[in-house]
Amino acid sequence: MTIALAIREAADALAGCSDTPRLDAELLMAHMLGVSRSAMLIQHMKQSPPPPGFASLIVRRLRHEPVAYILGEQEFFGLTFRVTPDVLIPRGDSEVLVEMAIKARPEAKRMLDCGTGSGALLLAVLHGLPEAEGVGIDRSAAALDVAAGNAAQLGLDDRAKMLPLDWHSAGWSADLGQFDMILANPPYVETDADLAPSVRDHEPAGALFAGADGLDDYRVLVPQLPPLLNPNGVALIEIGSKQAEAVSAIAERAGFAVTLHRDLAGRPRVLMCKLSLGKGQPNG
Ligand code: GLN
């Protein structure tokens with residue numbers, strides 16, 4: 001059997017469990033062969049037999065394991081991130097937040113990433129702003145290991161510090177100082193949301209779920225952000241596509257002026273929060 005035929009059969013088998021069966025099969029085969037997908041498509045399709053381990057990767061995918069966890073990596077904002085089941089897989093939906101961060105404050109020097117996970121948001125922003133440095137925090141030690149590994153692999157470990165902190169613990173931010181920019185992609189999924197098995201059964205629940213309405217982490221985190229920002233600072237907060245109103249209200253109550261930004265699919269995705277003068281400012 002040729003590589004081409006093995007890919008075709010695998011894609012047929014995956015059609016019931018994946019929206020992208022052909023792509024999945026190609027990525028898993030290229031991984032098995034140890035070559036890029038494009039090199040495989042150009043050079044290896046007529047080769048035979050297919051590598052013996054390919055079938056077992058397809059079996060994992062048939063059990064809804066995400067391709068990114070099988071490969072151990074995911075591309076985000078043009079960079080390759082190592083991912084394990086301890087971290088959420090970086091989503092294309094979040095790239096708009098990185099773009100906004102780089103454009104909104106090109107002069108920013110100090111960043112904080114709340115719930116850094118794989119480090120994707122912080123490291124992509126630091127990659128785009130070579131003068132900046134940042135702190136990524138997460139309550140998961142396993143996630144921080146992944147984030148620190150990604151910082152090193154991307155050559156950003158001299159500018160990115162990963163700290164085990166949890167915004168639910170009193171005093172968590174006491175030693176952090178102030179920041180020009182805060183990034184956050186906290187858990188925001190409703191506990192009983194109807195999620196694909198690839199997400200619900202494989203991605204870390206602690207990075208996804210935030211109570212019955214998905215707002216628990218915003219309620220706790222957002223009001224703690226204003227004192228962490230320099231006066232000209234900005235917080236960029238990812239939201240679920242139906243949460244713009246509720247999270248804006250939380251941010252406004254915390255003293256922020258809020259603008260909503262959409263992702264590439266046109267869905268509400270990021271709140272840009274600035275300290276609004278006159279609210280909680282002595283001379284405003
Ligand atoms: N965007 C993710 C999803 O819809 C959720 C990310 C999060 O909770 N921060 O699966």
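Here are some notes:
- Criterion: within 16 Å of the ligand (Cβ to nearest atom) and hydrophobic (A, V, I, L, M, F, W, C) - qualifying residue of 260, 195: 195
- Checked against the criteria, residue 250 does not count as open to solvent by less than 10 Å² (accessible area, probe 1.4 Å) and not small (Gly, Ala, Ser).
- Residues within the range 63-100 that are assigned to a helix (DSSP H, G or I) and under 18 Å from residue 31 (Cα atoms), tallied: 5
- Filtered residues of the range 64-100 (kept if open to solvent by 60 Å² or more (accessible area, probe 1.4 Å) and within 15 Å of the ligand (Cβ to nearest atom)): 85, 86, 91
- Going through (1) within 16 Å of the chain's Cα centre (by Cα); (2) near the ligand (Cβ under 10 Å from one of its atoms) one by one, residue 183 falls short only on (2).
- The one condition in (1) within 16 Å of the ligand (Cβ to nearest atom); (2) open to solvent by 30 Å² or more (accessible area, probe 1.4 Å) that residue 55 fails to fulfil: (1)
- Only one entry in 88, 79, 71 is more than 12 Å from the chain's Cα centre (by Cα), under 19 Å from residue 60 (Cα atoms) and touching a residue at least 40 places away in the same chain (Cβ under 8 Å), namely 71.
- Condition met for residue 167 (under 18 Å from residue 216 (Cα atoms), more than 16 Å from the ligand (Cβ to nearest atom) and either in contact with a strand residue (DSSP E or B) (Cβ under 9 Å, 6 or more places away or on another chain) or in contact (Cβ under 8 Å) with a residue 12 or more places away in the chain (or both)): no
- Options 198, 173; residue that is within 18 Å of residue 137 (Cα to Cα) and hydroxyl-bearing (Ser, Thr, Tyr): 173
- Within the set 212, 246, 251, the sole residue that is part of a helix (DSSP H, G or I), more than 17 Å from residue 167 (Cα to Cα) and away from the ligand (no atom under 14 Å from the Cβ) turns out to be 246.
- When the range 101-134 is filtered for residues that are in contact (Cβ under 8 Å) with a residue 60 or more places away in the chain, more than 16 Å from the ligand (Cβ to nearest atom) and part of a helix (DSSP H, G or I), the ones remaining, listed by number, are 101, 104.
- Hits in the range 185-205 (condition: surrounded by fewer than 17 Cβ atoms within 10 Å (Cβ to Cβ) and part of a helix (DSSP H, G or I)): 197, 199, 200, 205
- Pairs where the first residue, in the range 36-57, is of a type in the set (S, T, N, Q) and the second is open to solvent by less than 70 Å² (accessible area, probe 1.4 Å), C-beta under 8 Å, 6+ apart: 36/30; 43/35; 47/2; 47/3; 48/2; 48/3
- If you go through the range 8-64 and keep only what is of a type in the set (D, E, K, R), over 22 Å from residue 200 (Cα atoms) and within 26 Å of the chain's Cα centre (by Cα), you end up with 22, 26, 37.
The values are calculated or read from the model by the stated rules, or taken from the named source; none is laboratory data. Source: prediction; values computed, not measured. Every residue, glycine as well, gets a Cβ built from its backbone with ideal geometry; the counts of neighbours run over all protein chains shown. Surface areas here come from the heavy atoms of the whole protein model, side chains and all, with no ligands, DNA or RNA. Shrake-Rupley method; radii C 1.70, N 1.55, O 1.52, S 1.80 Å.
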